[in-house]
Amino acid sequence: MRRPTRALTGLLGAAAAAALTLSGTAQAAPVTYPATSQNPSGAAGSPRLLAKLTHAQATAKFRAAGITWTSSGGCSDRNNPSCTSFEQLRSETADGAITLKQASGCAIRLTGGTETGHASGTYSHWNGYKLDMSLTSCLDNYVTRTFTSIGGSKWKSPSGNVYYREGNHWDVTYYNCGGC
């Protein structure tokens, strides 16, 4: 078994460096994120180990949970804004959508993932924190009646995830899996 280099360990942390060294691929390597006031999923003062998923891993999770998705371009290329891609989606984000489906009993149809074309930022689509979902009366009623309104067409779940009703979809930021 190869050992991770000191530079790799310093850059990624011991667990992530070891996973990268063992797997030989960056896609399987866990990523660490620090706990912050905007990232309530982290334990206070310590990093959390989060996996980034491939598109195939994410779609397998969604399919198993009965969550559907659509793409205006009929594709999954992360670098094409007409596609819907889940490449590099955080595992906790996928689990958050699954938790929402289970808790609400609503059909969930994803319309946006990690593809280019969304707003940038730390907690962005590109970085794997956000999913777009089709508007349905079931989902609208569940979010607006179950979660706390924080103004500006936004609702916050008890776990800290934010549901933003944009013109034709829900833009959901998953800081954590929502109690999975």
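The values are calculated or read from the model by the stated rules, or taken from the named source; none is laboratory data. Note that this is a predicted model, so its numbers are computed, not measured. Glycine gets a Cβ as well: all are built from the backbone with ideal geometry, and neighbour counts include every protein chain shown. These accessible areas exclude ligands, DNA and RNA; they are computed on the full protein's heavy atoms, side chains included. Shrake-Rupley method; radii C 1.70, N 1.55, O 1.52, S 1.80 Å.
To keep it simple, each residue is scored yes or no on (1) of a type in the set (V, I, T); (2) surrounded by 14 or more Cβ atoms within 10 Å (Cβ to Cβ); (3) at negative phi.
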residue	(1), (2), (3)
A94	no, yes, yes
I98	yes, yes, yes
T116	yes, yes, yes
G128	no, yes, no
S149	no, no, yes
K154	no, yes, yes
R165	no, yes, yes
H169	no, yes, yes
V172	yes, yes, yes
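Taking the condition within 14 Å of the chain's Cα centre (by Cα), in contact (Cβ under 8 Å) with a residue 12 or more places away in the chain and either within 23 Å of G167 (Cα to Cα) or assigned to a helix (DSSP H, G or I) (or both), does T59 pass? The answer is yes for T59. Of the residues making up the stretch 159-170, not a single one is assigned to a helix (DSSP H, G or I), at pLDDT 95 or above and either aromatic (F, W, Y) or over 26 Å from S72 (Cβ atoms) (or both). Inside the stretch 80-116, residues that are part of a loop (DSSP other than H, G, I, E, B) and under 13 Å from H55 (Cα atoms) make up a count of 9. In a residue-by-residue description of the stretch 134-144, the property of being β-branched (V, I, T), open to solvent by 50 Å² or more (accessible area, probe 1.4 Å), outside any loop (DSSP other than H, G, I, E, B) and out of contact with any His (no Cβ under 7 Å at 6 or more places or on another chain) applies to at least one position.
The set of residues in the stretch 100-114 being within 22 Å of P158 (Cβ to Cβ) and open to solvent by less than 10 Å² (accessible area, probe 1.4 Å) consists of L100, C106, I108.
From the list T99, T148, T173, the lone residue that is at pLDDT 95 or above and more than 17 Å from the chain's Cα centre (by Cα) is T148.
Any residue that is closer than 16 Å to V172 by Cα, of a type outside the set (D, E) and modelled with pLDDT of 95 or more - is there at least one of those in the stretch 113-127? No: zero hits.
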